[in-house]
Structures are given as C-alpha cells and as structure tokens.
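The structure under discussion appears below in the form of structure tokens.
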Amino acid sequence: MTTLAQRLDAAVASVRAISNHFPHVGLVLGSGLGAFGDSLDGLVKIPFASIPNMPSPGVSGHAGNLCLGSVGGVPAACLQGRSHTYEGHDMDSVVFGVRLLAKLGCGTVLLTNAAGGIRPSFKPGTLMLILDHLNFMGRNPLVGPNLTELGPRFPDMTRAYDRELADLARQAAAEVGVALEEGVYAAMLGPSYETPAEIHMLRTIGADAVGMSTVPEVLALRHASVRVGAISCITNMAAGMSGSLLDHSEVEETARETRGRFTSLLSSWIRRIG
C-alpha cells in the first residue's frame, strides 16, 4: 500500500512531465469561481483525472482542472474546483489538492469559496476576507499518524490566516475599487444546508458566513507552513435570513455575476504578493 508521501510524489511527477512550471502562489477556486483559472497567462490546463491520486470533484461549478500559468508575471497554479467530505471523500483526499500545490512550490495559497451570509448586513455578491474560522465539520485532516515530512504533530493555528496577506488583500481591494468585508467563516459538513436554528447558533457565537469547505485545506496548509489567505463570495443569505428556500443554482448564478469584481481583486492580490 502506497503512503501519502508516495502518492504526492507520483502526482508531482505527473505534473512535471507535462510542465516544468514552478508556481509561487496557489489558488483554490470554489463553486462557480473557476473562470479565473482560464485567465492565466501561458495557461497549461491539466484535468484532475489525469493526475495520479487526485480526486475529481462531482459538484456542479467545480470543473476539476489544475491550471498553470502566471498573473502579472507571478507564477501561479489554480485548482478549478475542489473535492468535499460530503461527497464521501476521506480527509486525505479532500486536502490532496492543496498539498499538491505546496509540493509544486507554492509558499502561499489563496482559498476561495461560495458561502452563505450570516451577518445581516451582507447580501448576495458580498466578498468577505476570512480572518478566522470555526470548525463544525467534526473532521480534521491531521488526525492519524503524523507525517513529519509534511509538518509538526501539533501545528499552531493562532494565525491560520496570514496577517500580511490580509493587508495585501485590503490594498488590492482599494486599488481595484472592490468593497471587501471581513469576518469569521464557519465550516459545516453538509451536504444539507443548515437549519435556521443552526444559523442562529452560528451568528450568536460569532460567525459571519457559513460553508462546507476551506477549513480542512487551511489546516493542511498551515501544517505544512504554507501562508494562507481566503475570501468568501456570499452567494446567498443563510437559512432563515431571507425567508426563501436555498438552492445550489442560486450559488452558481451569484458567483458568475460576481466574476468580474472577483477576478480583478484576485489579480491585484496576486501581483502584490509576487
């Protein structure tokens, strides 16, 4: 049986056989947000299905490609979509993509997601810089024997979201004229949306947005000492906030409508990081 390290090495080797691109910044593009990957200069696109051990997402709005190229001269790698625990994947599979980004050379990874708005002042289309998170998934990718080649047994999460990257995101937003809110992201297991009572609980304990991803990736990346920045696109108001029922098609539609602002913000952010 192959080890995680061996599976990662095989994935890296398959990517290197196609491209000798060495990215500095990695991105994970969430539901409906994958179009940014197609905008990379010198784009090389590799389907997840052709990368050994790389799980392919099965959710609409997640194309399932590794995009290699550059943004304003900064070498970058984008995951167009991600796999989720609620699809039946184990945690090692859920975070395999971001671990691959780290192995390819990304010292910084920017995570994006579609999320439900909990803060009453939010509305669909709001962009929120994640400052911290609440993990209600009941899962952690670091459970089990620790792989010292990836990171320490007990990684610190005091600064899970890099403060310098957050400052650069604020500067980028100001540069391109995009309003950027800030808040705490709560991760739930899914795939069912939360109940109004659960949203009331999350709002009471300090959550501003809720989703079904991102936090496992943050844990795996910080375990590997990779700097992390993250932005949520508020695609709908959470259960009980608007009086209407929730539907994934709304998530994708709002993400598409936000594409222009989102792309401008990400491009400026990456240039500043580079």
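Each reported figure results from applying straightforward, stated rules to the coordinates on display, with no laboratory input. Since the structure is predicted, the reported quantities are computational estimates derived from the model, not experimental observations. All Cβ positions, glycine included, derive from the backbone under ideal geometry; neighbour counts span all protein chains shown.
Test of understanding: ordering D208, D92 by Cβ neighbours within 10 Å, fewest first, what list do you get?
Ordered from fewest to most neighbouring Cβ atoms within 10 Å, D208, D92 come out as D92, D208.
Only bridges with both residues in the chain count here: give the DSSP antiparallel percent, nearest 5. Intermediate results must be reported in sequence, preceding the final value.
Working: 17 of 47 bridges.
The antiparallel proportion sits near 35 percent.
If you find the alpha carbon centre of the range 177-197 and of the range 41-104, how far apart are they in angstrom?
Each part's Cα centre sits 22 Å from the other's.
Taking Cα atoms, how many degrees apart are the long axis of helix 248-257 and the longest axis of the chain, rounded to 10 and kept between 0 and 90?
80 degrees
Would you tally the net charge around G144, using a Cβ to Cβ cut-off of less than 15 Å, leaving G144 out, and scoring K and R as +1, D and E as -1? Intermediate results must be reported in sequence, preceding the final value.
Numbers: positive: R7, R99, R139, R153; negative: D90, D92, E149.
Result for the neighbourhood of G144: +1.
Per-residue HN-Hα couplings for the range 126-141, Karplus 6.51 cos²θ - 1.76 cosθ + 1.60 at θ = phi - 60°, whole Hz, x for Gly and Pro?
Karplus values, whole Hz, x for Gly and Pro: 5, 9, 10, 6, 7, 9, 6, 9, 10, 9, 10, 7, x, 9, 8, x.
If you take every residue apart from R259 with its C-beta less than 14 Å away from the C-beta of R259, what net charge results, scoring Lys and Arg +1 and Asp and Glu -1? Can you show the working numbers first?
Details: positive: R256, R261; negative: D38, E252, E253, E257.
Overall, the nearby charge balance is -2.
May I ask for the net charge around T3, where only other residues with Cβ less than 11 Å from the Cβ of T3 are counted and Lys, Arg are +1 while Asp, Glu are -1?
Its environment carries a net charge of -2.
Per DSSP H run of n ≥ 4, the term is -39500 (n - 2.57); total these for the chain, divide by its residue number, and report the mean residue ellipticity at 222 nm rounded to 500 deg cm²/dmol. Could the numbers behind the result be given before it?
Details: 8 runs with 85 residues, N = 274.
About -9500 deg cm²/dmol.
Considering the range 4-273, what Rg and Dmax in Å follow from its alpha-carbon atoms?
17.2, 52
Calculate the FRET efficiency for D38 and R153 from the Cβ-Cβ distance with a Förster distance of 25 Å, rounded to the nearest 0.05.
Details: r = 40 Å, r/R0 = 1.58.
E(calc), rounded to 0.05, equals 0.05.
Could you work out how much longer the chain between D247 and S56 gets when fully extended? Use 0.36 nm per residue separation minus the Cα distance between them, nm to one decimal. Spell out each step's value before the answer.
Numbers: separation 191, 0.36 × 191 = 68.76 nm, distance 2.26 nm.
Length difference between fully extended and current span is 66.5 nm.
Quick test of your reading: applying the under-4.7 Å Cβ rule, which cysteines of the chain are isolated?
Among the cysteines of the chain, those whose Cβ sits 4.7 Å or more from every other are C106, C233.
Among DSSP bridges having both ends in the range 1-101, what percentage is antiparallel? Round to the nearest 5.
Numbers: 12 of 17 bridges.
Roughly 70 percent of the beta bridges in the range 1-101 run antiparallel, per DSSP.
Which trypsin sites (Lys or Arg not before Pro) in the range 1-108 pass both tests, a DSSP loop state and at most 13 other beta-carbon atoms within 10 Å? If you can, show how the numbers build up before the last one.
Working: sites: R7, R16, K45, R82, R99, K103; in loops: R82.
Passing both the DSSP loop test and the Cβ count: no residue.
Could you tell me how many degrees, from 0 to 90 and to the nearest 10, lie between the Cα long axis of helix 259-273 and the main elongation axis, the longest principal axis, of the Cα atoms of the chain?
50 degrees
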